[in-house]
1. Can you tell me the length gained on complete extension of the stretch Val118 to Lys30, counting 0.36 nm per residue apart and subtracting the Cα distance?
2. Short version: ³J(HN,Hα) in whole Hz for each residue of segment 4-11, in order, from phi by Karplus 6.51 cos²θ - 1.76 cosθ + 1.60 (θ = phi - 60°), x for Gly and Pro, what are they?
3. Tell me, what HN-Hα J-couplings in whole Hz come from the Karplus equation 6.51 cos²θ - 1.76 cosθ + 1.60 at θ = phi - 60° for each residue of segment 127-133, using x for Gly and Pro?
4. Tell me which residues come under 5 Å, amide H to amide H, from Lys124 once H is placed; ignore anything under 5 positions away on its chain.
5. Applying 1/(1 + (r/R0)^6) with R0 = 45 Å to the Cβ-Cβ distance of Ala19 and Ser152, what FRET efficiency is obtained, to the nearest 0.05?
Amino acid sequence: MNQEEIIAHVLLARNGDSASFCKLYELYYKDMYRFAYYTLGNPQDAEDVISETVLDAFKGIKKLKKPEKFKAWIFQILATKCKRQIAVYVSNREHLKEEADTADMIQEDQPYAERLDVRKAFSKLNETEKMIVSLMVFAGYNSRETAKMLKSPEGTIRSIKSRALTKMSQYLKEEFA
């Protein structure tokens, strides 16, 4: 679908055409899923935040002023939902730590068995690094777009991405050494 078709679907969706909104959802679903899955590390949570994102986007599309910014707009909603879910993880982890009798009951550094090596490396990143790598690598945004979404300088975004990818690379080298 080209940019003109996307804009046409956004305009129709703003006027209540649910079929046009569905076309937009179909167009971006895979990128959204990849972003959410790599950010959260859990397929069910990824599906949940995507569902919430799509509902919010459908309800709020009339407020979208620039139809050509639909992708950035829906990914901003998704990023916010992912951040909230990460906050829930942190809260739950802290709660579990308080209730645990022994330190070995919680293995927060142990990845799930179904995770791939890249997932393990990705999980070593801090939340900012995960967000930037997710937006730039999995969602396909450039440094300018990512900087604008995260309200950070472009150079900072590029530096964080570079350090994050280096960190992941180093982890993978150590795993296979």
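1. Extending this stretch completely gives an extra 29.9 nm.
2. Computed from phi, the couplings for segment 4-11 are 5, 5, 4, 4, 4, 5, 5, 4 Hz.
3. Once θ is set to phi - 60°, the couplings for segment 127-133 become 5, 5, 4, 4, 4, 5, 5 Hz.
4. Here the answer is none, since no amide H 5 or more places off falls under 5 Å of that of Lys124.
5. Working from the Cβ atoms, E equals 0.75.
Any read-out appearing in this document is the output of simple, stated calculations on the displayed coordinates, not a laboratory observation. Everything quoted here is computed from the prediction, not taken from an experiment. Cβ atoms come from the backbone with ideal geometry, glycine included; neighbour counts cover every protein chain shown.
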